[in-house]
Amino acid sequence: MAWETERKRLDPAVVGRGIQAALDEPRRGRYFVACEGDIPVGTLMLTYEWSDWRCADWWWIQSVYVDPGHRRRGVYRALYAHVQAQARAAEGACGLRLYVEKENIAAQATYAALGMGDAGYLMFEQPLPR
């Protein structure tokens, strides 16, 4: 997914440890997988950001991936609907957020069609050496 969307090669060992850390400590993140029969066809991960302004958590959708052969068939829509229903039912969730590459117009159109809109923020970061 990182290669397809951002042309970034990730270290599989680091990614594996990251996934295991989320599975070991659910507050770090939750994974959702869409399947067609027994075949996984899409996934997303949720992480959480505390908002003191709202006294609630933003649920961040991350690591979105749908198998190319299953795109435009409602896989992400189903994942999103499931997460949205869980957020609405949860105490302490104030909304859903995600970030998307500026050039990924197809993904932006999908998110807009589901009712999401531009939050009006730019994202800045400063990676730390490891």
Net charge over other residues, Cβ less than 14 angstrom from the Cβ of residue 71 (K, R count +1; D, E count -1):
0
Using θ = phi - 60° and the Karplus form 6.51 cos²θ - 1.76 cosθ + 1.60, what ³J(HN,Hα) does each residue of the range 83-95 get, whole Hz, x for Gly and Pro?
5, 4, 4, 5, 5, 5, 7, 7, 6, x, 9, 9, x
Evaluated at q = 0.17, 0.19 Å⁻¹: base-10 log I(q)/I(0), Debye formula over Cα of the chain:
-1.12, -1.41
Nearest 20 debye, what's the magnitude of the dipole of the chain about its Cα centre given +1 on Lys and Arg Cβ and -1 on Asp and Glu Cβ?
140
From the square roots a ≥ b ≥ c of the eigenvalues of the alpha-carbon gyration tensor of the range 56-130, which class results: rounded (a/c under 1.5), prolate (a/b over b/c), or oblate?
oblate
Let's see if you can work this out: charge +1 on each Lys and Arg Cβ, -1 on each Asp and Glu Cβ, no other charges. What is the dipole magnitude of the range 50-119 about its Cα centre, in debye to the nearest 20?
320
Any residue on another chain or 5+ positions along whose placed amide H is under 5 Å from the amide H of residue 71 is listed here as none
Could you tell me whether the range 1-62 comes out rounded, prolate or oblate from its Cα gyration tensor? Rule is a ≥ b ≥ c as square roots of the eigenvalues, rounded for a/c under 1.5, then prolate if a/b exceeds b/c, otherwise oblate.
prolate
In whole Hz and in residue order, list the ³J(HN,Hα) couplings for the range 105-120 that follow from phi through the Karplus curve 6.51 cos²θ - 1.76 cosθ + 1.60, θ = phi - 60°; x for Gly and Pro.
5, 4, 5, 4, 5, 4, 5, 5, 5, 8, x, 7, x, 4, 7, x
Which whole-number percent is the relative contact order of the range 1-126 (Cα, under 8 Å, 6+ apart)?
18
Just to be sure I understand the model, the point goes 7 Å from the Cα along the line to the Cβ. What's the resulting residue 101 to residue 55 distance in nm?
4.1
Each label sits 7 Å from Cα toward the beta-carbon; between residue 119 and residue 39 the label points are separated, in nm, by 3.5
Once amide H atoms are built 1.01 Å from N in the peptide plane, which residues 5 or more positions from residue 56, or in another chain, come under 5 Å H to H?
51
Please find the FRET efficiency linking residue 7 to residue 130, where r is the Cβ-Cβ separation and R0 is fixed at 25 Å, and quote it to the nearest 0.05.
0.75
With unit charges on the beta carbon (Lys/Arg positive, Asp/Glu negative), name the residue among 59, 48, 79 whose Cα is farthest towards the positive pole of the charge dipole of the range 37-85.
79
Euclidean distance between Cα centres, the range 26-74 to the range 112-130, Å
16
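Every read-out reported here was derived from the displayed coordinates using simple, explicitly stated rules and does not represent laboratory data. Computed from a predicted structure; not experimentally measured. Here the Cβ is made from the backbone with ideal geometry for all residues, glycine too, and neighbour counts use every protein chain on show.
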